Amino acid sequence: MFLPVKRRGLLFILSSPSGAGKTTITRSLLERDDQLSISVSATTRAPRVGETDGKDYHFVSKEAFDQMVERHELLEHAKVFNNYYGTPLVPVEQALANSQDIIFDIDWQGTQQLKQKLVNDLVTIFILPPSKDELERRLRSRQQDDEDVIRERMKKASDEISHYSEYDYIIINHDLEKSILQARAILEAERCKRRRLTELPDFVRTLMQESI
């Protein structure tokens, strides 16, 4: 999308219980939109097969993560399933100033922390599964977790879903392609918000002068 005036970037937040589709939607948006980049989180968990350090996550030790927290180098951080995740601050601030949009695949805890610091830059979406049974089916179909982990994720899902009302938008992910299109429509509309167009007053003045 081309705009003749500079705008401030935005933080596009997608949250959902595990298995509801936020990661798949996030990847699809990144493939279709060159103005969008993903926030690369720091994490203490071990890399999964196919994951690359610095691209998927910054894989760090618990000691290194604690130091980042102490030095206030993280925009948000949380413990999820016995591992720690956090968003480095400096790359986010640079992106916003340079009209770059960043997509976040984070939980409700991280979203709350972001709201405390950059609330005017946030666009938040909560993705719901079409049913509890479908959520469990999707978790099992991934074949990534054992039975105990699946039960833990299903138990945690209810708590995560209870925070849906804290989000600006809701997408019920019954049809993946439709959900992706809904997310894209939200992103495009939010880019046109008047408060994000930092050079708009000057641009409008030129239009008014030309009309005289």
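The values are calculated or read from the model by the stated rules, or taken from the named source; none is laboratory data. As the structure is a prediction and not an experimental result, all values here were calculated from the model. Here Cβ is always computed from backbone atoms with ideal geometry, including for glycine, and neighbour counts include all displayed protein chains.
Would you mind stating whether GLY86 is buried (at least 19 other Cβ atoms within 10 Å of the Cβ) and on the phi > 0 side of the Ramachandran plot? Give the steps one after another, and end with the answer.
Working: buried (at least 19 other Cβ atoms within 10 Å of the Cβ): yes; on the phi > 0 side of the Ramachandran plot: no.
For GLY86, the condition - buried (at least 19 other Cβ atoms within 10 Å of the Cβ) and on the phi > 0 side of the Ramachandran plot - is not met.
Evaluate the following for LEU75: is it assigned to a helix (DSSP H, G or I), under 24 Å from ALA183 (Cβ atoms) and of a type outside the set (D, E, K, R)?
Against the criterion (assigned to a helix (DSSP H, G or I), under 24 Å from ALA183 (Cβ atoms) and of a type outside the set (D, E, K, R)), LEU75 does not qualify.
Please go through region 167-212 and pick out each residue that is out of contact with any strand residue (DSSP E or B) (no Cβ under 6 Å at 6 or more places or on another chain), among the charged types (D, E, K, R) and under 30 Å from THR23 (Cβ atoms).
ASP175, GLU177, LYS178, ARG184, GLU188, ARG191, LYS193, ARG195, ARG196
Please verify whether region 47-68 includes one or more residues that are among the aliphatic types (A, V, I, L, M) and part of a helix (DSSP H, G or I). Explain how you work it out, then say what you get.
Keep residues of region 47-68 that are among the aliphatic types (A, V, I, L, M), which gives 49, 60, 64, 68.
If we keep only those that are part of a helix (DSSP H, G or I) too, we end up with 64, 68.
Yes - at least one qualifying residue is present in region 47-68.
Given the structure, is PHE65 in contact with a strand residue (DSSP E or B) (Cβ under 7 Å, 6 or more places away or on another chain), under 18 Å from GLN109 (Cβ atoms) and at pLDDT 95 or above?
Numbers: in contact with a strand residue (DSSP E or B) (Cβ under 7 Å, 6 or more places away or on another chain): yes; under 18 Å from GLN109 (Cβ atoms): yes; at pLDDT 95 or above: yes.
Yes, satisfied.
Taking only region 176-197 into account, find how many residues are within 17 Å of ILE102 (Cβ to Cβ) and of a type outside the set (Asp, Glu).
Residues meeting the conditions: 7.
Restricting region 193-210 to residues that are of a type outside the set (D, E, K, R), touching a residue at least 12 places away in the same chain (Cβ under 8 Å) and surrounded by fewer than 16 Cβ atoms within 10 Å (Cβ to Cβ), which is farthest from THR111 (Cα to Cα)? If you could, list the steps in order and put the result at the bottom.
Going residue by residue through region 193-210, those that are of a type outside the set (D, E, K, R) are 197-198, 200-201, 203-204, 206-209.
Then drop every residue that is not touching a residue at least 12 places away in the same chain (Cβ under 8 Å), which leaves 197-198, 200, 203.
With the extra rule that they be surrounded by fewer than 16 Cβ atoms within 10 Å (Cβ to Cβ), the set shrinks to 198, 203.
Working: THR198: 24, PHE203: 33 Å.
For region 193-210, the residue satisfying everything is PHE203.
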